[in-house]
Every structure is written in structure tokens, then in C-alpha cells.
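The values are calculated or read from the model by the stated rules, or taken from the named source; none is laboratory data. If you're wondering where the values come from, they're calculated on a predicted model, not measured in any experiment. Quick reminder, even Gly has a Cβ in these numbers, built from the backbone with ideal geometry, and neighbours come from all protein chains shown. Just the protein is used for accessible areas: all its heavy atoms, side chains included, with ligands, DNA and RNA removed. Shrake-Rupley method; radii C 1.70, N 1.55, O 1.52, S 1.80 Å.
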Amino acid sequence: MMTEAGLAYAKVNLSLDIVSKMADGFHYIKTVMQTVSLSDEVEVRCEPGAGISVDAGLPYLPGDERNIAAKAALAFYGHTGIKGHRTYIKIRKNIPVCAGLGGGSADGACVLRILDRLFETRLGYEAIERIGAGIGSDVPFCVAGGTSLAVGRGDILTSLTPVPKCAIVICKPPFNCPTPMLFGRIKCEKIRARPDTDGIVAALGQGDLGSAARRMYNVFEDALPRGAREIADIKYALLDKGALGAVMTGSGPAVIGLFDNEEDAYRAYGHLKLNYKECYLTSTVERICEK
Ligand code: C5P
């Protein structure tokens, strides 16, 4: 029997722009992604046999191969040709589900990293990212994380100058909108406001967190079927409490605020926590070094 454990870190999007709809039905996006300290705990146990099961401790998350963590194991075995292992994946979910924080993708990427260590396959992050791309658009970023510009489906990555160490407050209002439905509501030619993604990349290059934070925006904010008012209220509360900038992450509905001051971040967190159960005080996490 072999067991390995690891942390699956959430991601946030500092910007999210949709450039066009591609022939395959997916959308060409342009986004700056950042890893944050909020994480799921993942354990993988392998013993002789067959089959993959996932226990994520939540009744509404599938325990079979519909779960992205199981898909990751399946893809790993398919890629490497390794056979004959019954695989148990246990996940302690700390990242809220359907929030725009990439929790499922982080779990999938973590399973790939863990299996690579368990079986000593030494695939390297680039190869693991390619396997991840077949599982979900956000999985490649979650393999190494850090700060990246992601284009295409979100799977074509360029490492950026890391976001200066800062506090990030996350607040998830209690509603959600499935990602495919939100993409379906986007008419590229009708997008009214866009983030200044190139400006964010340039600001990060200069180590200017404030300048990057002021340029953040997510085009999905304008496409929400409901809850837009609540997103705006949370953004306002974060800015009012000293955030350098605030934006909805991914397909939402979680909203993030960037703070260069820990005390302001703590106050904003405490304030939002009065009205929202799912609030988190997090910080930036750098790219995982390849061993
Ligand atoms: O890749 P992932 O499984 O996260 O995508 C979920 C859904 O979101 C896709 O089936 C597609 O409808 C939509 N999507 C898209 N363009 C992207 C990423 C996702 O249209 N770049």
C-alpha cells in the first residue's frame, strides 16, 4: 500500500476577459491568475487492484469518475500506462464549491502531482499540465500555480512577475451560476467593459500592486443572471475597508479584494463575515518549485 498527501490551492482571477468564441464552442479567454493560501487537503492511497474512488466528504460531490480528482487519476494511468492499482482519493474540502475559485481543478492538479511522486514517474510540470488540459481548462494553471497570464481555453500559460505578497479577502455570496450557462450568456461583440489585462501585466512587472489592482475586472460580472447587485455591494464593502481593488473571480460568485495592509484586510474580513458565512482571509502563494 502506498499513500501520499498534498495541498490543493485555490486560484483567483485578477482579470477575466473573453476575446472570442472558438469553432469548438469553447471561448478564447485572457486572464491573470493567482494562487492563494486557501486549500483543500488531498490524500491518495494505492493498493493492488482496480478502480478509483473519491471521498470528498460532501454528499453532493460525486465519488466516482465524474469527480475531477478521479478523472485526473484516470488520465495519469492512461498517460503512463501504469495498471493494477486500486486508488482511493480522500479530500478535505476547504475551498467552497462552485465559487470561481477552481477548487475541483486544484484537486485534479494535486492528484496528478501526488501520483507523479507516488509512482516516481518524474513527468515534469509541462507534461502534467498537458495531461491536466484534457481534464479541465483551469487544471494546467493549478499544477504549479503562482502568477500567470492564461489565454486560449485558459490552458496556455505564461509565468508573470509574482504578485507582491499581499492579503486577499474572499467573500462568496450564497448563490451560483453554472460556468457553461454563464459562458452561454456572453455575446463577445456586446461586452461593454473589459479589464486592462496588459496594464495589469505591466504593473506586476514594475512591482506596483496598487496599479495592478485598479485595473482588475471580470467580464462575467456583466453577464450574471442574478446577484449582480450583491457582487457590487461586496466590491464596495471591500474597497470601503481599504482594498486596493476588488473583482469577481472566475465564473463567480466569489469576490476578492487585494490589500497591502493586513489590518485593513482583517477588518474587511470581519465586516463581511457578519453577513456572509463563506468569507476567507488568504494570502498569495508563489509557484511551486519543481523538484
Ligand atoms: O474546461 P471546463 O470543464 O472548466 O469548462 C466547463 C465549461 O465552460 C465548458 O464545457 C464550456 O462550456 C465552458 N468554457 C468555455 N470556454 C473556456 C472554458 C470553459 O466556453 N475557455
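Just a few scattered comments:
- Taking a straight Cα-Cα cut-off under 18 Å and skipping sequence neighbours fewer than 8 places away in the same chain, the lysines within cross-link reach of Lys165 are Lys11.
- 3J(HN,Hα) couplings calculated from phi for the stretch 5-22 with the Karplus curve 6.51 cos²θ - 1.76 cosθ + 1.60 (θ = phi - 60°) are, in sequence order, 10, x, 9, 10, 7, 5, 10, 10, 9, 6, 8, 8, 10, 10, 8, 7, 9, 8 Hz; Gly and Pro show x.
- Label-reachable residues, the stretch 197-234, where backbone N falls under 19 Å from a point 7 Å from Glu286's Cα toward its Cβ: 204-209
- With all pairs of separate Cα atoms included, the chain yields a Kirkwood hydrodynamic radius of 19.2 Å.
- In the full protein context, the stretch 167-285 carries 48 Å² of accessible surface per residue, based on a 1.4 Å probe and ignoring ligands, DNA and RNA.
- Taking all protein chains together and a 1.4 Å probe, the residues His271, His85, His27 rank His271, His85, His27 from largest to smallest accessible area.
- Placing unit charges on each Cβ (+1 for Lys and Arg, -1 for Asp and Glu) gives the chain a dipole about its Cα centre, and among Val219, Gly242, Leu115 the Cα reaching farthest toward its positive end belongs to Val219.
- The 3J(HN,Hα) values that the Karplus relation (6.51, -1.76, 1.60; θ = phi - 60°) gives for the stretch 193-204 are, in residue order, 10, 10, x, 9, 5, 5, x, 5, 4, 5, 5, 5 Hz. Gly and Pro appear as x.
- When the inverse distances between all different Cα atoms of the stretch 2-159 are averaged and flipped, the Kirkwood radius reads 15.7 angstrom.
- The angle separating the long axis of helix 68-80 from the principal Cα axis of greatest extent in the chain is about 50 degrees.
- Positive-end ranking of Tyr266, Leu182, Leu209 along the dipole of the stretch 167-285, with charges on Cβ about the Cα centre, is headed by Leu182.
- The helix-only estimate of mean residue ellipticity at 222 nm for the chain, built from DSSP H runs of length n ≥ 4 each weighted as -39500 (n - 2.57), is -9000 deg cm²/dmol after division by the residue total.
- Listed residues Gly132, Gly145, Gly84, most fluctuating in the chain (Gaussian network, C-alpha, under 10 Å): Gly84
- Per-peptide packing, taken as the mean over residues of other Cβ atoms within 10 Å, places 246-258, 210-222, 278-290 in the sequence 246-258, 210-222, 278-290 from highest down.
- Given Lys71/Lys277; Lys235/Lys273; Lys30/Lys273; Lys187/Lys277; Lys21/Lys277, the pairs whose alpha carbons are separated by over 24 Å: Lys71/Lys277; Lys30/Lys273; Lys187/Lys277; Lys21/Lys277
- Point-charge dipole on Cβ atoms (K/R +1, D/E -1) for the chain, about Cα centre, debye to 20: 520
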